[in-house]
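Read-outs: derived from the displayed coordinates by stated rules, not from any lab. Small disclaimer: the values here were computed from a predicted structure and weren't measured. Glycine also receives a Cβ, built like all others from the backbone with ideal geometry; neighbour counts cover every protein chain displayed.
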Amino acid sequence: MPVDSLERVIPTVFRDDYIGALRRLDRANDPSVLIDALRFANDWSARIDFTNTSTVRAQLEATHAFAEEGSSERLLLPPSVILSQRAENS
């Protein structure tokens, strides 16, 4: 999938942050938190290699994407090496 047509994925561990950003927009008319959350989700999604099931699962686990909401784990950005490898293969 070309990076310019990338869809954002909101991992389980990031759901509370995303919902909180939507609430902030709704209740305080402040889009800045949602913009930051979507920017982070976009960066995270762009760095995950969704072309191979075993690779994607390993990347999701390494970035804590499957951690339950409210856990102490935070969503981590995968190394940007994945992006440059994908660009080289395109």
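Dipole magnitude of the stretch 10-89 about its Cα centre, charges +1 at Lys/Arg Cβ and -1 at Asp/Glu Cβ only, in debye to the nearest 20? Walk me through the intermediate numbers first.
Numbers: 9 positive and 12 negative charges, 25 e Å.
In total the dipole reaches around 120 debye.
Starting from the 7 Å offset along Cα-to-Cβ, what nm value, one decimal, do you get for the label separation of Ala62 and Phe50?
The two pseudo-label positions are separated by 1.9 nm.
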